[in-house]
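Peer 1: Before we start, here is the structure in question, set down as C-alpha cells.
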Amino acid sequence: MNQPVRVRFAPSPTGALHVGGARTAIYNWAFARRHGGTFILRIDDTDPERSTPENTAQILRSLRWLGMDWDEGPEVGGPHAPYFQTLRARLYSAALERMKAEGSAYPCFCTTLELEAKRSAAREGDGTPGYDRTCRRLTRDQAHARIAEGAPHVWRLAVPEDRGDIVVDDAVRGETVFPASAMDDFVLVRSDGTPTYNFATVVDDAEMDITHVIRGDDHLSNTPRQIMVFEALGHFVPRFAHLSMIWGADGKKLSKRHGATSVEQFHAEGFLPEALLNHLALLGWSLDGETTVFHADALTHNFSLERISKNPAIFDFEKLEWMNGAYIREMPNERFAERMMPWLEQAGISTPDDLEKRRDWYRELAPLVSERVKRMTEIGPAVAFLFQETVTVDPTAAAKAFSVEGTRDVLDAVATSLDGLAEWTPTAIEEVLRAIPEHFAMKPRIVFQAVRVAVTGGLVSLPLFESLALLGKAASVARVRAAEAAVSRT
Ligand code: GLU
C-alpha cells in the first residue's frame, strides 16, 4: 500500500478510557507519528443509550493527559474536536443508497419473532445459523411495494454468491480463514435508520481512507464482515492489526479486581502520564527486547507493527510503580518542584502561587522527595510536617524514640545547639548534631531518632539535616523544646 499512513482510534463513549483502549490509542498515535501520517480520533457514539458527553469528555481528558494529539476533525466545535459518528449520519445514508443502487444491500421485512423462529429451527435442524435470505428472494418491485406500504424493514448486505472463504491477513496474528459458509447477510442499517457498528465503521474507515486498523482483538471476528462491506463499497481494504488482550497477573482479563483499570484512576493514584504511557507501550510491544524505560519520542521514532506480540500482555502493577519511581527520580529538580504543586494543593498543603514565592525552597525540597516516593500521592504525607504550625507526635514513635534514659537532656542540648547556630544550613546543622551523641556517650542513631520524631512527628521521614534546614530555625527549636517538655512530664 503506497498511500500515506492514516489511522484512527475509535472509542465508544460508554465508559471511562481503560488501559486497553489507551494502549490502542498509543499504538495508533505512535504508528502515525513514526510514518509522518495522520492520527484521527473518532468517537463511536452511535449507541444512544450508553454514550454520554461526560464519558466523551473523560476520554478526551485521559488522552490529552497521556500526551496524545490528533490531527484532524470535522471543524465543528473547534480545530481539536474529534469526529463524532452521530454527526455523520448523512454519510451512512449515502453509502447505503450507493449499495442499494448496486444491489449489494437489500431490505428485509422479517420480524424479530420470525427471525427467532428461523434461528431455533436452524439450531435444531442442520441448517446454517444466520439469516436464511428469505427477503433476498423478493423482486425489486415486491420490495418497493412493501416499503411504500410502510412495512418496517432493515437493510442487509447481499453477500456475493461466489464469495469464497475470507482470509484476514493480520499484521499481528498472521492469517485467519473465515469460511464463506459462515458469512450471513448481516444487518447494515436497523429499522430505525441507524447504522450498525460494522457498517458505520467501514463507511467511516473508507471515507477517511484509513490505511491501517489497529484495535483490540475482540474485533477480529467482525473483520470478515467489514472486509465484505469495503468490497461492496469498492474501496481498498486496510491492513488490520489486532492487539491481544491485557491480562492481570492471574491470567484473567484485566478488571477492577486487579486494581485500577481506567486512565483517570491511575492519574488519581499518583502515576505520571509518561510512566503509564511507557508501561502501556510495553504491553505487547518492545523497543529492542531489553530497554524498559523510554520516552514518548522513542516510541514515535521506532514504533512498528512487526514488533507487536500476539501473546496476551500481563499488566504488572509493581513494575508500573517501579517505573513511576524511576521517572520521578530522573526528573530535574525544577521540573519536579512544579509537578509536585498540584499534589500539594490537593493534599491541602499549599497553593499554586506558593512556588512563585519560594522557588529556591521548593527546589531544595524536590530531590529529598523525589528520591523517596514512587507515586505522586506519597508527596503530601511525606512533606506535611514542613507546612504545619506544630506537629502531632505519633504515640508509637514517641514511645520508641523518647523512652531511652537521658532523652530529655539530649533534646535540651539539641535545642540549645540549634538555637546557637549562626548559619542555618544542612552542613552546619549536621556538624552540631553530630557532636551530641559523643557528649552523652550515646549511639548517634538513638539521638537522631529522637530529633527526627520531635521535628517530624514520626520515625520515617525525609533526610534529617535537610529537613531541619527547610523547616527553619525557629520551628525546629520550638519542636525540639516541645518534645523535651513532653518527655519531662512522663
Ligand atoms: N468503537 C469500537 C470499540 O470501541 C471501535 C472498534 C474499531 O476500532 O473498529 O470497540
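The values are calculated or read from the model by the stated rules, or taken from the named source; none is laboratory data. From a predicted model like this one, the values you see are computed outputs, not experimental measurements. Positions of Cβ are generated from backbone atoms using ideal geometry, with glycine treated the same way; all protein chains shown enter the neighbour counts.
Peer 1: Is one or more of the residues making up region 65-84 under 19 Å from the mean Cα position of the chain (by Cα), outside any loop (DSSP other than H, G, I, E, B) and either over 16 Å from A200 (Cα atoms) or at pLDDT below 95 (or both)?
Peer 2: Within region 65-84 (the criterion being under 19 Å from the mean Cα position of the chain (by Cα), outside any loop (DSSP other than H, G, I, E, B) and either over 16 Å from A200 (Cα atoms) or at pLDDT below 95 (or both)), the answer is yes, since at least one residue qualifies.
Peer 1: Now for a different question. Quick check on my filter: what residues within region 291-330 are surrounded by fewer than 19 Cβ atoms within 10 Å (Cβ to Cβ) and in a loop (DSSP other than H, G, I, E, B)?
Peer 2: T291, T292, V293, F294, H295, S304, S309, K310, N311, P312, D316
Peer 1: Which of the numbered conditions does L60 fail, given that it passes all the others? Conditions: (1) of a type in the set (A, V, I, L, M); (2) within 15 Å of the ligand (Cβ to nearest atom); (3) crowded, with 21+ Cβ neighbours inside 10 Å.
Peer 2: Result: L60 fails condition (3) only.
Peer 1: Looking at this structure, is L254 crowded, with 16+ Cβ neighbours inside 10 Å and either closer than 22 Å to V373 by Cα or modelled with pLDDT of 95 or more (or both)?
Peer 2: So L254 fails the test.
Peer 1: Inside region 182-280, counting only strands (runs of 3 or more DSSP E) that do not spill past its ends, which hold 3 or more residues that are touching a strand residue (DSSP E or B) at 6+ places or on another chain (Cβ under 6 Å) and within 14 Å of the ligand (Cβ to nearest atom)?
Peer 2: 212-216, 239-243
Peer 1: Would you tally the residues in region 339-370 being in a helix (DSSP H, G or I), touching a residue at least 24 places away in the same chain (Cβ under 8 Å) and aliphatic (A, V, I, L, M)?
Peer 2: Result for region 339-370: 6.
Peer 1: Further question: Check off (1) over 12 Å from G270 (Cβ atoms); (2) in contact (Cβ under 8 Å) with a residue 12 or more places away in the chain; (3) acidic (D, E) for E321 and give me the number that stays unchecked.
Peer 2: The single condition E321 does not satisfy is (1).
Peer 1: Ok, one more. Tell me yes or no: at least one residue of region 6-23 is within 16 Å of the ligand (Cβ to nearest atom), closer than 16 Å to T211 by Cβ and surrounded by fewer than 22 Cβ atoms within 10 Å (Cβ to Cβ).
Peer 2: yes
Peer 1: Checking the structure you have, find out if any residue of region 38-45 is within 14 Å of the ligand (Cβ to nearest atom), of a type in the set (K, R) and buried (at least 18 other Cβ atoms within 10 Å of the Cβ).
Peer 2: For region 38-45, residues within 14 Å of the ligand (Cβ to nearest atom), of a type in the set (K, R) and buried (at least 18 other Cβ atoms within 10 Å of the Cβ): present.
Peer 1: Among the residues of region 264-304, which ones are farther than 23 Å from F39 by Cα and of a type in the set (D, E)?
Peer 2: Selection gives E269, D288, E290.
Peer 1: Output the qualifying pairs, or none if there are none: Cβ atoms under 6 angstrom, residues six or more apart or on different chains, first residue in region 196-211 and without any contact (Cβ under 8 Å) to a residue 60 or more places away in the chain, second residue near the ligand (Cβ under 10 Å from one of its atoms) and part of a helix (DSSP H, G or I).
Peer 2: N198/N222; N198/Q226; V202/Q226
Peer 1: Give the residues of region 212-241 that are among the small types (G, A, S), touching a residue at least 60 places away in the same chain (Cβ under 8 Å) and under 20 Å from R163 (Cα atoms), sorted by residue number.
Peer 2: Hit for region 212-241 is A232, nothing else.
Peer 1: Of the residues S244, S262, only one is in contact with a Lys or Arg (Cβ under 7 Å, 6 or more places away or on another chain), of a type in the set (S, T, N, Q) and in contact (Cβ under 8 Å) with a residue 24 or more places away in the chain; which?
Peer 2: Going through S244, S262 in turn, just one is in contact with a Lys or Arg (Cβ under 7 Å, 6 or more places away or on another chain), of a type in the set (S, T, N, Q) and in contact (Cβ under 8 Å) with a residue 24 or more places away in the chain: S244.
Peer 1: Quickly run through region 171-181 and pick out the residues that are within 16 Å of the ligand (Cβ to nearest atom) and of a type in the set (D, E, K, R).
Peer 2: Correct list: R173 only.
Peer 1: Of the residues A151, A158, A171, only one is surrounded by fewer than 21 Cβ atoms within 10 Å (Cβ to Cβ), in contact with a Gly (Cβ under 8 Å, 6 or more places away or on another chain) and on the phi < 0 side of the Ramachandran plot; which?
Peer 2: Going through A151, A158, A171 in turn, just one is surrounded by fewer than 21 Cβ atoms within 10 Å (Cβ to Cβ), in contact with a Gly (Cβ under 8 Å, 6 or more places away or on another chain) and on the phi < 0 side of the Ramachandran plot: A158.
Peer 1: Scan (1) touching a residue at least 40 places away in the same chain (Cβ under 8 Å); (2) loosely packed, with under 14 Cβ neighbours inside 10 Å; (3) within 16 Å of the ligand (Cβ to nearest atom) for the single condition R50 breaks and write down its number.
Peer 2: (1)
Peer 1: Being hydrophobic (A, V, I, L, M, F, W, C), surrounded by fewer than 19 Cβ atoms within 10 Å (Cβ to Cβ) and touching a residue at least 60 places away in the same chain (Cβ under 8 Å): is that true of A482 here?
Peer 2: Here the answer is yes, as A482 does meet what is asked.
Peer 1: So, R33, is that one assigned to a helix (DSSP H, G or I), away from the ligand (no atom under 15 Å from the Cβ), over 19 Å from A260 (Cβ atoms) and not small (G, A, S) or not?
Peer 2: yes
Peer 1: Let me ask you something else. If G164 passes every condition in (1) away from the ligand (no atom under 11 Å from the Cβ); (2) of a type outside the set (D, E, K, R); (3) buried (at least 18 other Cβ atoms within 10 Å of the Cβ) but one, which one does it miss?
Peer 2: (3)
Peer 1: In this structure, is V447 outside any helix (DSSP H, G or I) and in contact (Cβ under 8 Å) with a residue 12 or more places away in the chain?
Peer 2: Against the criterion (outside any helix (DSSP H, G or I) and in contact (Cβ under 8 Å) with a residue 12 or more places away in the chain), V447 does not qualify.
Peer 1: Of the numbered conditions (1) modelled with pLDDT under 95; (2) more than 19 Å from D192 (Cβ to Cβ); (3) surrounded by 15 or more Cβ atoms within 10 Å (Cβ to Cβ), Y131 fails exactly one; give the number of that condition.
Peer 2: With (1) modelled with pLDDT under 95; (2) more than 19 Å from D192 (Cβ to Cβ); (3) surrounded by 15 or more Cβ atoms within 10 Å (Cβ to Cβ) applied to Y131, the lone miss is (2).
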